[in-house]
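Engineer: Before I ask anything, here is the structure I am working with.
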Amino acid sequence: MISFPHAKINLGLNILQKRPDGYHNIESLFVPVPWCDILEIIPSEQSSFSQTGIEIPSDGKPNLCVRAYELLQEEYHIPPVSIFLHKVIPIGAGLGGGSSDAAFVLRMLRDLFELALEESDLVAYAAQLGSDCAFFTQDQAQFCFEKGDIFEAFPLDLKGIYMVLVYPDLLISTQEAYRLVRPASAEIPLKEVLQKPRTAWKNTLHNDFERFITPHYPMIAEVKTQLYAQGAFYAAMSGSGSTLFGLFSEEKDLSTAFPTNFSLWQGFL
């Protein structure tokens, strides 16, 4: 069985306050983007995990895909599998690639072994693997709040919008990003901002990480400026990572607009 775990962007991200448990309360709109990894799972006599493409830095723990398998194996005693991941989505980029891979392992194992898992069960398992994993159990835009692990549907239609994603070959860890940030209440609730005309987003829709991270990584501001110079009606960082996205009213080919060591994805939503 093969699937294509997709990336996401954060359309607006307010970091509201630090919680007693050390996490932060946030609000953001997560939007799926078809920049995808490739994931294959097949039954096997012995469980294994292999990976090609972009190298995944080790944190001393099993890969999230393996942890997702172990979560269901412990509960449902599913047979061994071989998991193969070809990594395309940049790492430390604010695109949720690792979380997506883990959530898609859960989805694939459910289907492969016909497990009696409701959507709510899948969400609960995904939440054990990471705050944003639950988002990737579905393929639609969702508003997230609390520590970024509670989601609800949000009626925002971006069909026909052309998007350019730019990863400037710069890894920013989530831990580093939150270390730099200073939480504050939002002047205008994000839901209210998102309901304004798109022409107003440039001045009203913000990712709070930007103003704290950009002084340390000026390349981020340079890429954002270039996206606006190319005609984007809105541009911003995605999540806590270094990827920036530009939204355009019409198709744009920016394949030669940035240095060759940058990674780009562009296409219609």
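The values are calculated or read from the model by the stated rules, or taken from the named source; none is laboratory data. From a predicted model like this one, the values you see are computed outputs, not experimental measurements. Neighbour counts run over all protein chains shown; Cβ positions are idealised from the backbone, glycine included. Side chains included, ligands, DNA and RNA excluded: accessible areas come from the protein's heavy atoms. Shrake-Rupley method; radii C 1.70, N 1.55, O 1.52, S 1.80 Å.
Engineer: Answer yes or no as to whether A68 is open to solvent by less than 40 Å² (accessible area, probe 1.4 Å), in contact with a Ser or Thr (Cβ under 7 Å, 6 or more places away or on another chain), at pLDDT 95 or above and farther than 21 Å from I172 by Cα. If you could, list the steps in order and put the result at the bottom.
Structural biologist: Numbers: open to solvent by less than 40 Å² (accessible area, probe 1.4 Å): yes; in contact with a Ser or Thr (Cβ under 7 Å, 6 or more places away or on another chain): no; at pLDDT 95 or above: yes; farther than 21 Å from I172 by Cα: yes.
The answer is no for A68.
Engineer: Within segment 147-157, is even one residue part of a helix (DSSP H, G or I), open to solvent by less than 70 Å² (accessible area, probe 1.4 Å) and under 30 Å from S255 (Cβ atoms)? Spell out the reasoning first.
Structural biologist: Pass one, segment 147-157, residues part of a helix (DSSP H, G or I): none.
Scanning segment 147-157 turns up no residue that is part of a helix (DSSP H, G or I), open to solvent by less than 70 Å² (accessible area, probe 1.4 Å) and under 30 Å from S255 (Cβ atoms).
Engineer: Given the condition assigned to a loop (DSSP other than H, G, I, E, B) and either crowded, with 16+ Cβ neighbours inside 10 Å or at pLDDT below 95 (or both), answer yes or no: does some residue in segment 218-227 qualify?
Structural biologist: At the first step, the residues of segment 218-227 found to be assigned to a loop (DSSP other than H, G, I, E, B) are none.
Taking every residue of segment 218-227 in turn, none turns out to be assigned to a loop (DSSP other than H, G, I, E, B) and either crowded, with 16+ Cβ neighbours inside 10 Å or at pLDDT below 95 (or both).
Engineer: Among residues belonging to segment 186-201 that are in a loop (DSSP other than H, G, I, E, B) and among the aliphatic types (A, V, I, L, M), point out the one that is surrounded by the most Cβ atoms within 10 Å (Cβ to Cβ).
Structural biologist: A186
Engineer: Follow-up question, since we're still on this one. Give the residues of segment 191-205 that are in contact with a strand residue (DSSP E or B) (Cβ under 7 Å, 6 or more places away or on another chain) and farther than 15 Å from F143 by Cα, sorted by residue number.
Structural biologist: R198, W201, K202 - these are the residues of segment 191-205 that are in contact with a strand residue (DSSP E or B) (Cβ under 7 Å, 6 or more places away or on another chain) and farther than 15 Å from F143 by Cα.
Engineer: Return the residue satisfying two criteria in turn: it lies in segment 83-139 and is closer than 24 Å to F209 by Cβ and of a type in the set (S, T, N, Q), and of such residues it is most open to solvent (accessible area, probe 1.4 Å).
Structural biologist: Step one: filter segment 83-139 for residues closer than 24 Å to F209 by Cβ, giving 87-103, 126-127, 129-136.
Now drop any that are not of a type in the set (S, T, N, Q), which leaves 99-100, 131.
Details: S99: 16, S100: 0, S131: 40 Å².
Result: S131.
Engineer: Go through segment 1-106 and tell me which strands (runs of 3 or more DSSP E), entirely inside it, have 3 or more residues that are closer than 30 Å to E187 by Cβ. Explain how you work it out, then say what you get.
Structural biologist: Details: elements: 6-18, 24-36, 38-43, 48-53, 81-87.
Because the criterion is at least 3 residues that are closer than 30 Å to E187 by Cβ, the strands (runs of 3 or more DSSP E) in segment 1-106 that meet it are 6-18, 24-36.
Engineer: Exactly one of these conditions fails for L264: (1) farther than 21 Å from S99 by Cα; (2) open to solvent by 50 Å² or more (accessible area, probe 1.4 Å); (3) under 16 Å from the mean Cα position of the chain (by Cα). Give me its number.
Structural biologist: Answer for L264: the failing condition is (1).
Engineer: So which pairs qualify, if the first residue must be in segment 209-225 and more than 21 Å from I15 (Cα to Cα), the second must be surrounded by 15 or more Cβ atoms within 10 Å (Cβ to Cβ), the Cβ gap must be under 6 Å, and the two must be at least 6 apart or on different chains?
Structural biologist: Listed pairs, sorted by first residue: M219/P168; V223/V166; V223/P168; V223/L244.
Engineer: Does segment 205-216 hold any residues that are surrounded by 15 or more Cβ atoms within 10 Å (Cβ to Cβ) and outside any strand (DSSP E or B), and which are they? I'd like the intermediate steps shown before the answer.
Structural biologist: Of segment 205-216, the ones surrounded by 15 or more Cβ atoms within 10 Å (Cβ to Cβ) are 205-210, 212-214.
Residues satisfying the conditions are L205, H206, D208, F209, E210, F212, I213, T214.
Engineer: Residue pairs, Cβ under 9 Å, 6 or more apart or interchain, first in segment 165-185 and in contact (Cβ under 8 Å) with a residue 40 or more places away in the chain and in a helix (DSSP H, G or I), second surrounded by 14 or more Cβ atoms within 10 Å (Cβ to Cβ) and of a type in the set (A, V, I, L, M). List them.
Structural biologist: Every condition considered, the pairs that remain are A177/I213; Y178/I15.
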